[in-house]
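So the structure is just underneath, and the comments pick up after that.
The values are calculated or read from the model by the stated rules, or taken from the named source; none is laboratory data. Every value quoted in this text rests on a predicted model; they were computed, and no experiment measured them. Using ideal geometry, Cβ is built from the backbone for each residue, glycine included, and neighbour counts are taken over all protein chains shown.
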Ligand SMILES: [Fe+2]
């Protein structure tokens, strides 16, 4: 493999070339891609016509797939369109029809259009997410990424000191409440119980600090809810200014990889009468509180 990266910015988002993601990688290839991920946090690989099995195999080069007993959405197990190991982010029903505008799953997934870090509502959050574009609508549907390292660096000294030791509570209940989706069953509420994560994290390989924000964050330990939510909203506004953001315009068979520990992202609107079929594999982070970089 001869990986080459064209960075969109100096150290945020790059387009990789010279990699066939449908084929097995050597350990040198994997190490090269990880080094590029450390630098750019988001990598785009064009023209990768992956099957689900190939996407899963490629993902496994970089760690362990996420596996949880509790669901991260409101789908019934019988409503799944895809097999295990890959998540369905399409607007399709299990029998391949476009979801209706009042489909509960569609409404729940609309909150993916809020800035978030994947699985920040899990006790162990996500490392990389890998999103494969299979069918792309003709309008909209970009995915935007925000560099949370740059956002941290740009905080004023007072705010930097203030956020240093704060711990947030994350839950799908908070991100759904933000768009008025509040009708959850008792089982769903139990599944979506809040978990705690530090607001400032150090990347385990680079040691670089970043803000760990997400629309799933709805409380700060020791703070009142209104004060916490207004502060988190303020920080999110700061972190998602245009200078920190890359907007990905999808082409069919793009594979986009991002590091959830140092970025936030959001889906953008599209015409829901058109099919959008994108499929995600997700790697689990190795430990719940990676606040220290290795020596
Ligand atoms: Fe996401």
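Details
- Applying the condition of being under 18 Å from residue 263 (Cα atoms) and in contact with a strand residue (DSSP E or B) (Cβ under 6 Å, 6 or more places away or on another chain) to the range 17-44 and asking which residue is surrounded by the most Cβ atoms within 10 Å (Cβ to Cβ) yields 41.
- In this entry, residue 236 passes the filter for residues that are assigned to a helix (DSSP H, G or I) and within 16 Å of the ligand (Cβ to nearest atom).
- Subset tally (residues that are more than 16 Å from the ligand (Cβ to nearest atom) and under 22 Å from residue 216 (Cβ atoms)) for the range 108-135: 2
One line per residue, one yes/no per condition, for (1) within 21 Å of residue 204 (Cα to Cα); (2) assigned to a loop (DSSP other than H, G, I, E, B); (3) in contact with a helix residue (DSSP H, G or I) (Cβ under 8 Å, 6 or more places away or on another chain):
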| position | (1), (2), (3) |
| --- | --- |
| 2 | no, yes, no |
| 16 | no, no, yes |
| 25 | no, yes, yes |
| 35 | yes, no, no |
| 57 | no, no, no |
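- Failed condition for residue 100, given (1) in contact with a helix residue (DSSP H, G or I) (Cβ under 9 Å, 6 or more places away or on another chain); (2) over 26 Å from residue 261 (Cβ atoms); (3) not in a loop (DSSP other than H, G, I, E, B): (3)
- When residue 253 is tested against (1) part of a loop (DSSP other than H, G, I, E, B); (2) more than 15 Å from the ligand (Cβ to nearest atom); (3) closer than 16 Å to residue 109 by Cβ, only condition (3) is not met.
- Taking the listed residues 272, 261, 266, the one that is over 24 Å from residue 22 (Cβ atoms), within 14 Å of the ligand (Cβ to nearest atom), touching a helix residue (DSSP H, G or I) at 6+ places or on another chain (Cβ under 9 Å) and not in a strand (DSSP E or B) is 261, with no other qualifying.
- Scanning the range 68-85 for any residue that is within 15 Å of the ligand (Cβ to nearest atom) and at pLDDT 95 or above turns up nothing.
- Residue in the range 239-250 that is farthest from the ligand (Cβ to nearest atom), counting only those that are surrounded by fewer than 20 Cβ atoms within 10 Å (Cβ to Cβ) and assigned to a helix (DSSP H, G or I): 243
- Condition check for residue 93: farther than 27 Å from residue 246 by Cα and either within 16 Å of the ligand (Cβ to nearest atom) or without any contact (Cβ under 8 Å) to a residue 60 or more places away in the chain (or both): yes
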